[in-house]
Every structure is written in structure tokens, then in C-alpha cells.
Amino acid sequence: MRDLDAIDAELRLLSRAWRVARVVCERMPSTELIDQLLDERAAVAAAPLRR
């Protein structure tokens, strides 16, 4: 499982890409990847700390 920093970095990158797409494209891209990352982030955040 990836750590929160890696997931958050990918979410920030996708957020920037979405802002560009909103200006440049007529159709918005699918939110499927963002939804998957948010689900992964929630699972990581809810998991007990490993030592």
C-alpha cells in the first residue's frame, strides 16, 4: 500500500490537470481515477499504523 504523501501528490497532479482540461477541453475527463485515489487514500488513512 502506498503512503499518504504519494497519494496526495498524485491527487494534486490530477487536480492541476483538471484545471487545464476545464479551460482547454469541451468535455471533462472522467473522475474514475480521482475516485480510486480517494478510496485508496481513505483506506490508508483508516489502516492501523504498522511498526
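The values are calculated or read from the model by the stated rules, or taken from the named source; none is laboratory data. As the structure is a prediction and not an experimental result, all values here were calculated from the model. Quick reminder, even Gly has a Cβ in these numbers, built from the backbone with ideal geometry, and neighbours come from all protein chains shown.
Quick grid of which residues meet (1) in a loop (DSSP other than H, G, I, E, B); (2) of a type outside the set (Ser, Thr, Tyr):
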residue: 13; (1), (2): no, yes
residue: 19; (1), (2): no, yes
residue: 26; (1), (2): yes, yes
residue: 30; (1), (2): yes, no
residue: 35; (1), (2): no, yes
residue: 38; (1), (2): no, yes
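Here's a check for you: in segment 26-38, which residue that is surrounded by 10 or more Cβ atoms within 10 Å (Cβ to Cβ) and out of contact with any Leu (no Cβ under 8 Å at 6 or more places or on another chain) is nearest to residue 3 (Cα to Cα)? The extreme case among them is 36.
Total residues in segment 22-50 satisfying the condition of being modelled with pLDDT of 90 or more and within 16 Å of the chain's Cα centre (by Cα): the figure is 14.
Filtering segment 21-47 to residues that are touching a residue at least 12 places away in the same chain (Cβ under 8 Å) and among the aliphatic types (A, V, I, L, M) leaves 33, 34, 37, 38, 43, 44, 45, 47. In segment 39-49, the residue that is surrounded by the most Cβ atoms within 10 Å (Cβ to Cβ) out of those that are among the aliphatic types (A, V, I, L, M) and touching a Leu at 6+ places or on another chain (Cβ under 9 Å) is 44.
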